[in-house]
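Note sheet for the following structure.
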Amino acid sequence: MPRTRSSLVHQAGYALRHPHKIVPHLRRLTRDTWLRLRTRDHVAYYRAVMKSDAARSPEGAVGSHSHKRWLALGRMQFDYLREHGLKPEFRMLEIGCGNLRAGRLFIDYLDHGNYYGIDISPDILIAAQDTIVEHGLHDKLPHLTPVRDLRFAFLPDAHFDVVHAHSVFSHSPPEVIEECFAHVGRVMRAGGWFDFTFDRTVGKEHQVLREDFYYRTETLVAMADRHGLDAVFMDDWERLPHKQSKIRVTRRMSASQP
Ligand SMILES: C[S@@+](CC[C@H](N)C(=O)[O-])C[C@H]1O[C@@H](n2cnc3c(N)ncnc32)[C@H](O)[C@@H]1O
């Protein structure tokens, strides 16, 4: 389980190595403490973080500090998924679609109506609508839906060929990932897959400000296994200039399934 990194020695060492990060960190700590006190659970808290960040810059809120980087990060996700099996006729669910950094490319590539983006933040979904307008994607009629959990209760069985979540579990505590694994198999078609990125650690699992969560690969593989999902670590993603790692999960077929 991720735990708060409470070691003062560790924190002091980190601050000494990165002095320029001290003031922004203290500012975030103050804001996040305030938001945490006013919200009831992680999802409500993170929604409030996104509201605050998106008001400043939607591109910054999804983690890109320049438009060039926003474009590049979207392109990286898209190219990788296309090279790893995406087809225009596939139906895709993007969990935590943000302001469509990659979603705009998926929407453009997929057949009409085949993209379904969900997010806990209504503010970032409004920004996603702006992205659709800016990139002239109206005719593709993408679905964009706010959610309060990852149970997918309103989505049909065995519908999606591909589920994608980039930089979402890096902001999720274990119970949110567990909830996702418990339900995602139901909405995936047989033979479909779910790709997600995560912040990987080989040391102790930990979190920073309840905003960033670091997991060991084997923790997530075991969690997927408990919910009938087979997980494969995507080695070739590691070659790309991105600090998170990627896992692909597929539904395990029982002997009675075709
Ligand atoms: C770092 S942004 C990445 C957005 C998008 N995937 C991309 O690559 O541009 C993380 C997004 O996930 C959303 N998010 C975080 N936790 C979520 C959850 N439990 N369910 C759905 N969306 C979530 C946030 O609101 C935010 O839009």
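Worth a mention:
- Each residue, residue 25 and residue 138, gets one label point 7 Å from its Cα in the Cβ direction; the gap between the two is 4.8 nm.
- Placing dummy labels 7 Å off each Cα toward the beta-carbon, the span from residue 51 to residue 211 is 1.7 nm.
- Efficiency of FRET between residue 39 and residue 129 - r from beta-carbon atoms, R0 25 angstrom, step 0.05: 0.50
- Net charge dipole, the chain: roughly 940 debye, given to the nearest 20, about the Cα centre with Cβ charges of +1 for Lys and Arg and -1 for Asp and Glu.
- Kyte-Doolittle mean at least 0.5 and Cα axial length at least 15 Å: DSSP H helices in the chain: 122-134
- Compactness of the chain as Cα Rg over 2.2 N^0.38 Å, two decimals: 1.01
- Semi-axis lengths, Å, the stretch 118-258, gyration tensor of Cα atoms, sqrt of 5 times eigenvalues: 25, 22, 15
- Only DSSP H runs of four or more residues enter the estimate; each adds -39500 (n - 2.57), and after division by the residues of the chain the mean residue ellipticity at 222 nm equals -13000 deg cm²/dmol.
Quick note: the coordinates plus some simple rules give every number you see, no bench work behind them. Just so we're clear, the structure is a prediction, and the values are computed from it rather than from any experiment. In this analysis, Cβ positions are derived from the backbone assuming ideal geometry, glycine residues included, and neighbour counts consider all displayed protein chains.
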